[in-house]
1. Among the residues of the stretch 765-788, are any in contact with a strand residue (DSSP E or B) (Cβ under 8 Å, 6 or more places away or on another chain), surrounded by fewer than 16 Cβ atoms within 10 Å (Cβ to Cβ), assigned to a helix (DSSP H, G or I) and modelled with pLDDT under 85?
2. I'm trying to understand the selection: among the residues of the stretch 825-853, which are part of a loop (DSSP other than H, G, I, E, B), in contact with a strand residue (DSSP E or B) (Cβ under 8 Å, 6 or more places away or on another chain) and closer than 23 Å to residue 755 by Cβ?
3. Using beta carbons and a limit of 6 Å, which pairs, at least six apart or on different chains, have the first residue in the stretch 837-856 and on the phi > 0 side of the Ramachandran plot and the second one surrounded by 18 or more Cβ atoms within 10 Å (Cβ to Cβ)?
4. Considering (1) surrounded by fewer than 15 Cβ atoms within 10 Å (Cβ to Cβ); (2) assigned by TED's automatic domain parsing to the domain that holds residue 261; (3) in contact (Cβ under 8 Å) with a residue 12 or more places away in the chain, say which one residue 342 fails and leave the rest.
5. I'd like to know if the stretch 383-399 contains one or more residues that are at positive phi, surrounded by 14 or more Cβ atoms within 10 Å (Cβ to Cβ) and not in a helix (DSSP H, G or I).
6. Are there strands (runs of 3 or more DSSP E) fully within the stretch 140-221 with at least 3 residues that are within 53 Å of the chain's Cα centre (by Cα)? List them.
7. Answer yes if at least one residue in the stretch 805-821 is closer than 23 Å to residue 871 by Cα, assigned by TED's automatic domain parsing to the domain that holds residue 864 and outside any helix (DSSP H, G or I), and no otherwise.
8. Residue 493: closer than 30 Å to residue 439 by Cα, at pLDDT below 75 and loosely packed, with under 11 Cβ neighbours inside 10 Å, yes or no?
C-alpha cells in the first residue's frame with residue numbers, strides 16, 4: 001500500500017503511511033509483525049518509490065532516520081500493547097480475587113455463626129462501633145449488621161469486669177498491640193453471657209491507632225463446665241484432705257500411687273515427692289514380710305473381682321517403726337471399666353493395744369458376768385457402752401472396743417434409735433428403770449427383737465454413776481405376734497377377695513339368670529307365636545349353658561387348686577375338636593360381625609394323646625375370649641408342631657384384632673378373678689377365671705398357656721403349648737368308637753319299651769325328665785324320696801333308675817346302698833347338683849353305675865341311659 005501511495009502522492013506521503021502501518025501492525029499483532037511491516041515498507045520505499053535510493057550521505061541519513069523512527073514507534077506501540085494486556089490480566093485477577101474474598105467472607109461468617117462468634121470494629125476517631133449479624137445474635141439483638149455508639153458497647157460489659165476490660169483495651173492501644181480477655185456481658189433480655197474477646201489495633205497512615213477490631217466468642221457453656229469441674233475437684237480435695245485419721249491412696253491399674261492425702265503421708269512418713277509414682281509395695285518395702293508385691297497384686301485382683309478387699313496388715317513406716325493397719329481396697333470404675341483403685345488405711349495399732357490392756361484389766365469382771373445366762377452390759381450416765389459380756393459380743397459379732405467406740409447406733413435398727421434414746425433420756429431424768437422392746441443387730445447382719453431392761457446405779461449424791469442392764473431375746477414371741485397380725489391381715493384380704501369374687505360371680509350368674517327368668521316369664525304370662533316362643537326358649541337355653549359354664553369354671557378351678565382334678569387322656573382328632581369348638585363359638589362371632597378361621601399345618605399328626613374334655617375347655621376359653629374382646633376384624637387360629645428340647649410340642653396360636661392389653665395389666669392376666677381393668681370388666685363381663693383355669697389345665701396336660709404379644713388397640717396373640725404324646729392304647733380307641741357310635745344314633749324313640757324309675761323330689765325336674773324321656777318312648781314312674789324309690793324298685797321290674805342324691809326322708813346314697821344290699825342289679829344313675837370330684841367318687845362308691853351332674857344335657861342323659869340299658873340287657877342274656 002505504501003508503494004502505491006508513494007507512487008501516486010510521492011515519498012513523503014508514503015513515509016507517513018509507513019509509520020501509520022507500523023504502529024497499527026504493532027498494536028494489533030505485536031512487535032514482530034510491526035518490525036516485519038517496517039522493513040518491508042522501508043525496502044519498497046527506498047528501492048521503488050521516487051526519488052529512488054541513491055548512495056549519497058543524504059539518502060543514507062534519511063533511511064537511517066526512517067528506520068530509527070519506525071523502531072521508536074514499534075517500541076512505543078509494543079509497550080502500549082503490553083500495558084493493555086497487563087491491565088486486562090490485573091483486572092481479571094482482581095475480579096477473581098474479589099469473588100474468592102466474598103466466598104471466604106461468607107465461609108468466615110458461617111464459621112463464626114457456628115462457633116457462636118462475632119466480629120466488631122471500634123472507630124476511635126468517630127466514636128462509633130460496628131457489630132456483624134453473628135455478634136448481634138450473641139447479644140440477643142437484631143439479626144443483622146449495625147453501627148452504634150461505642151458507649152453502647154461498653155454498657156453491655158458486666159460492671160464487675162468493666163475496669164479490667166478497660167485496662168486491657170487501654171494497654172493494647174498504648175502499646176499498639178493486641179489483647180485477649182474473657183469477661184461477662186449482658187444480653188438484651190438481661191441474661192449474662194461469658195465471652196472470649198480477642199482484639200487488635202488498626203493504624204492510620206501516620207502510625208496512630210484509628211480503630212480496634214476483634215472477635216467475640218460465646219464461651220458460657222465452657223465456663224460453666226469448667227466451674228462445675230472446679231467445684232467438684234475442690235469438694236473432692238477438701239473431702240480427702242479433711243480425712244486426716246485415714247490414709248487414702250489412689251492407685252493406677254498396676255498399683256502405682258498417683259495421689260494420696262495428708263493422712264497417708266502421716267501414716268507412712270513419706271512425702272508426696274517420695275511416694276507419687278512409686279508402686280505401693282515400694283513404700284512399704286521395709287515391711288516384716290517379703291511377699292508384699294504378691295500380696296498387693298492379690299488385694300487388687302480380689303477388689304476387682306469382688307468389688308472390695310479388706311483386711312489388717314502389719315507395715316513399716318519410713319522411720320522403721322511398725323504399725324497395724326486396717327485396710328480397704330475399692331476398684332474405681334468409669335463406664336463399667338476399672339481404671340484404678342482406692343485404698344483406705346487406718347492405723348489401728350493404738351486401738352489394738354488399748355483393747356489388749358482393757359482385756360487384761362477386766363478379765364475378772366468378765367468371768368463373773370459370763371456365768372450369767374443373759375446378754376449383760378454396763379453403760380455410762382450418758383448412755384455410752386462401757387462393757388458387754390461374751391454372750392453380748394457373740395450375738396453382735398463386735399469386740400469390746402468396737403462396742404465402746406461405736407455405741408448403740410450401730411446395733412439398733414436405725415428407725416428405732418431416736419425413740420429408744422428418747423425413752424432412755426426420760427428414764428435418766430426420773431432416775432428410774434429403763435424397759436423397752438427393740439431390734440438389735442446380730443453378727444450375721446439380721447435383727448432380732450429383744451427386751452432391754454436397765455437399772456440406774458446411784459452414787460452418794462443421788463446421781464446416776466452407771467447403768468446395769470440385760471437384753472432378753474423375744475424374737476419368737478414377736479414372730480408369733482406378727483404371725484397373728486399377718487393372719488388377721490390375710491383373713492381380711494381373703495374376706496375382701498371373697499366379697500369381690502362373690503360380687504363378680506353374683507353379677508355373672510345373675511346376668512344369664514335374668515335372661516332365663518325374664519324370657520320364661522314372657523312365655524308364661526303372654527301368648528306368643530311359635531317362632532317367638534322358640535326364640536325365647538333358645539335365648540333361655542343359651543343363657544343356661546352360659547350359667548353352667550360359669551359354675552363349671554369355678555368348680556374346675558377349685559379342683560385344680562386342691563390338686564383333685566383328674567386327667568383322662570385318649571386319642572384326639574384335633575381337626576374334629578377344633579372344628580367343633582369354632583362351630584360352637586361361631587354364633588357369637590356372627591352376632592358381632594367378626595370372622596373366625598383356623599388352619600392346621602401338615603406337620604400336625606391326625607391324632608395325639610391328651611384329655612379331650614380339658615383341651616376343649618381350654619380352646620373354648622381362649623378362642624371365646626378372643627371373640628369377646630374383638631369388636632371388628634377377625635380371630636385367627638393356627639396349629640403347628642414344634643420341636644423343642646423336651647420333645648415335639650403342639651403349638652396353638654390364637655390371634656385377635658381386639659382391644660389389646662397394656663404391659664402393667666398383662667402381668668396379672670393369669671391370676672384368678674382378675675381382668676385387665678375394671679372398665680374392661682364392666683364392658684365385657686366375665687368372672688376372670690377363664691385364662692387362669694386354661695393355664696392350670698394346660699399345665700396339668702404338661703403344657704402351658706402364654707401371652708405372646710399384646711398392645712392397646714393392636715390385639716393379642718395367645719399360645720397354647722401341649723406335648724405331642726404317643727397314641728393311646730387300642731382299648732381306649734375302641735371305647736371311644738363305641739361311645740361315638742352310640743352318640744350318633746337318632747334322637748327319636750331311642751328308649752322305646754324301657755321302664756325307668758325317676759327318684760326326684762323337685763317337681764320341675766320331674767317334669768323336665770318326663771318330657772325328655774317320654775319323647776324317646778320310655779315308660780316313667782316317679783318317687784318323691786329315697787324310701788319310695790326303694791319300695792317301687794322292689795315292687796316293679798325297672799330297666800334303670802335315675803337316683804337324685806339329695807332327697808327328704810332317705811337320700812340317694814342310702815337308697816342306692818339299700819337296693820344294692822338287696823341284690824338290685826339294674827343300672828342306677830346318680831343325679832346331683834354337686835360336680836366336685838369327691839362327690840362323683842362318693843356317688844359311685846354308694847353303688848351307682850354313673851354320675852350325671854345337674855344341669856345335664858338331655859342328649860347326654862339319653863345317651864347314658866341307652867348305653868347302660870344296652871349293657872344291662874347283654875349281661876342278662878349272658
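1. no
2. The answer is 826, 827, 846, 847, 848, 849.
3. Within 6 Å, the pairs are 847/816.
4. (1)
5. So in the stretch 383-399, the residues at positive phi come out as 383, 397.
From what's left, surrounded by 14 or more Cβ atoms within 10 Å (Cβ to Cβ): 383.
This time we only want the ones that are not in a helix (DSSP H, G or I), so: 383.
Scanning the stretch 383-399 turns up at least one residue that is at positive phi, surrounded by 14 or more Cβ atoms within 10 Å (Cβ to Cβ) and not in a helix (DSSP H, G or I).
6. Details: elements: 146-149, 178-186, 192-203, 209-218.
Hits in the stretch 140-221: 178-186, 192-203, 209-218.
7. no
8. Details: closer than 30 Å to residue 439 by Cα: yes; at pLDDT below 75: yes; loosely packed, with under 11 Cβ neighbours inside 10 Å: yes.
Criteria met by residue 493.
The values are calculated or read from the model by the stated rules, or taken from the named source; none is laboratory data. On a predicted model such as this, the values are computed, not experimentally measured, just so you know. Methodologically, a virtual Cβ is constructed for each residue, glycine included, from the backbone with ideal geometry; neighbour enumeration extends over all protein chains shown.
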